Every structure is written in structure tokens, then in C-alpha cells.
1. Being modelled with pLDDT under 90 and of a type in the set (Phe, Trp, Tyr) is the filter here; which residues of the range 116-141 pass it?
2. Residue by residue through the range 59-80, note down the ones that are touching a Phe, Trp or Tyr at 6+ places or on another chain (Cβ under 7 Å) and modelled with pLDDT of 90 or more.
3. Just checking, does the range 124-141 include any residue being surrounded by 13 or more Cβ atoms within 10 Å (Cβ to Cβ), in contact with a Pro (Cβ under 9 Å, 6 or more places away or on another chain), acidic (Asp, Glu) and not in a helix (DSSP H, G or I)?
4. Is there any pair with a first residue in the range 97-116 that is in contact (Cβ under 8 Å) with a residue 24 or more places away in the chain and a second that is exposed (fewer than 15 other Cβ atoms within 10 Å of the Cβ) and assigned to a helix (DSSP H, G or I) whose Cβ atoms are under 6 Å apart and which are 6 or more apart or on different chains, and what are they?
5. Name the residues in the range 1-41 that are among the hydroxyl-bearing types (Ser, Thr, Tyr), over 21 Å from GLU108 (Cα atoms) and at pLDDT 80 or above, would you?
6. What number of residues in the range 39-86 are surrounded by 15 or more Cβ atoms within 10 Å (Cβ to Cβ), under 27 Å from SER151 (Cβ atoms) and not polar (S, T, N, Q)?
7. With the condition kept exactly as written, say whether any residue in the range 92-115 is in contact with a Leu (Cβ under 7 Å, 6 or more places away or on another chain), surrounded by 13 or more Cβ atoms within 10 Å (Cβ to Cβ), basic (Lys, Arg) and modelled with pLDDT under 90.
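The values are calculated or read from the model by the stated rules, or taken from the named source; none is laboratory data. Worth saying up front: this structure is predicted, and the values here are computed from it rather than measured. All Cβ positions, even for glycine, are placed from backbone atoms using ideal geometry, and neighbour counts span all protein chains on display.
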Amino acid sequence: MKSRSAFWFFLFLLVAGLLAAIIPYLFATWRQLDLETITRAKAKWSDQKPLDYNLTVRHDRGKSQIYRVRVRAGKTVEVLLDGSFGNDVEMHQISIPTLFDQLQDWAEYKSRFDYLVADFHPAIGYPVRIVWRKAGGVREEWVIRLDALPSR
């Protein structure tokens, strides 16, 4: 009788261990970003984007950097990186269209061991959070906040 209850106990442990390993993998696979999702969000952004807005982007990759971007009439007019003025390269790299392009590149070229997820604003379509983890373990995260200004 004792050996039978031990059998069921260890069988339960085996099944529970397998489920503990498989469920996070399935969840991560289900959350992976695909090109279709990016295309839908980009189309929504094209239709709904405000012309004037302030953008705050926190980029974490080992250390945290905060970009503050002013966009007027659809053009980036100012980029501050941790409170200091950014250079010309940063002015073109930190924008919603550039983030969409970067997401598309990553989604096209990521390996099956990479992890790429993004959450998009439900009404406007811009990415509000991006997490990119390369197979080697480097993790980057962007948290994006857009403050639309009233139309003139």
C-alpha cells in the first residue's frame, strides 16, 4: 500500500514539475510580437496620431536613460537625454516611426530563442512598452508615454 501512494506522489511531482516548466514557455511564445500586430498598430498610429505631442521614453539596458522629445507639426524639434540636449542622431532615433521600424526589424530577424513583446496604446496605436531579450541574455526595455497637446 505504501509503495502505491509513493508512486502517485512522485507522479504528481513529475506532472507538476513539467507543467511548471511548460506553462511559462507557452505564455512567452503566445506573447511574442509578430509583423501583423506591428502593421495593425502602425496603421492605427498613421490614422490617429496627434501632430503635436511630448514624448517621454525610458530606455533600460543595464542603466536607465530618459529621453524627452518634443514633436510639433509631426516633426521632432527637440530631444533631451537625461536633461541634456541630444545630438542630431538621437533626434532621428527617438520617435514613434523609428520605434515602429525597429520593432519590424527585430520581428523579422529575431531567432526563435529571442524574446520580443510590445504593448500598444489601444486608441492611438503607439507602443507603450517594448521588451527585447536577445538569446545571450541582454535585456532592453522601453516605456513610452505620449502627452498629446490640444490642436491649434
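1. TRP132
2. Answer for the range 59-80, where residues must be touching a Phe, Trp or Tyr at 6+ places or on another chain (Cβ under 7 Å) and modelled with pLDDT of 90 or more: HIS59, VAL71.
3. no
4. Here the result reads ALA107/LEU35, each pair linking the range 97-116 to a residue that is exposed (fewer than 15 other Cβ atoms within 10 Å of the Cβ) and assigned to a helix (DSSP H, G or I).
5. Of the range 1-41, the ones among the hydroxyl-bearing types (Ser, Thr, Tyr) are 3, 5, 25, 29, 37, 39.
When the remaining residues are screened for being over 21 Å from GLU108 (Cα atoms), the result is 3, 5.
If the condition is that a residue be among the hydroxyl-bearing types (Ser, Thr, Tyr), over 21 Å from GLU108 (Cα atoms) and at pLDDT 80 or above, then SER5 is the only one that fits.
6. Of the residues in the range 39-86, 18 are surrounded by 15 or more Cβ atoms within 10 Å (Cβ to Cβ), under 27 Å from SER151 (Cβ atoms) and not polar (S, T, N, Q).
7. The answer is yes; a qualifying residue exists.
Listed here are the residues, each with its yes/no results for (1) touching an Asp or Glu at 6+ places or on another chain (Cβ under 9 Å); (2) over 20 Å from TRP142 (Cα atoms).
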| site | (1), (2) |
| --- | --- |
| LYS49 | no, no |
| ARG68 | yes, no |
| ARG72 | yes, yes |
| SER84 | no, no |
